[in-house]
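Trainee: Pasting in a structure now, in structure tokens, and then I'll have a few things to ask.
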């Protein structure tokens, strides 16, 4: 039989599906994506606002791949416990609000 899926993984998957089905604008990029492509090898994503962590009610600081399963918005605590801690293309990005860099 397959491995049991934890409650946090199930909740994260449900949140991810809801995000895919809901047409919202989370990030702001140039038309050719250069604002992300030139920032330390894809370690930063500039967003209008930071979403809520998919695991708790804190503000997310990362959009990262989970060690087991899909990607999730994560606070600092869950980034440390639910991801492998790497940033970059294919691993995760730190979410920086556009208002912070203006």
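Since every read-out is calculated from the coordinates, none of them should be taken as a lab result. Because the structure is a prediction, the values reported are computed rather than measured. A quick note on method: Cβ atoms are made from the backbone with ideal geometry, for glycine too, and the neighbour counts reach across all protein chains shown.
Trainee: Where does each of 75, 56 land when they are ranked from fewest to most other beta-carbon atoms within 10 angstrom?
Mentor: 56, 75
Trainee: Something else about it: How much length is gained if the chain between residue 97 and residue 58 is pulled fully straight, taking 0.36 nm per residue apart and subtracting their Cα-Cα distance, in nm to one decimal?
Mentor: Between residue 97 and residue 58, full extension yields 12.5 nm more.
Trainee: Based on other C-beta atoms within 10 Å, arrange 84, 63 from fewest to most.
Mentor: By the 10 Å Cβ count, ascending: 84, 63.
Trainee: Give, in nm to one decimal, the length gained when the segment between residue 49 and residue 81 is fully stretched (0.36 nm per residue of separation minus the Cα-Cα distance).
Mentor: That works out to 9.2 nm of additional length.
Trainee: What does the extension gain come out to for residue 89 and residue 67, with contour length at 0.36 nm per residue minus their alpha carbon separation?
Mentor: Length difference between fully extended and current span is 6.4 nm.
Trainee: Please report 58, 65 as a ranked list, fewest other C-beta atoms within 10 angstrom at the top and most at the bottom.
Mentor: Exposure proxy ranking, most exposed first: 58, 65.
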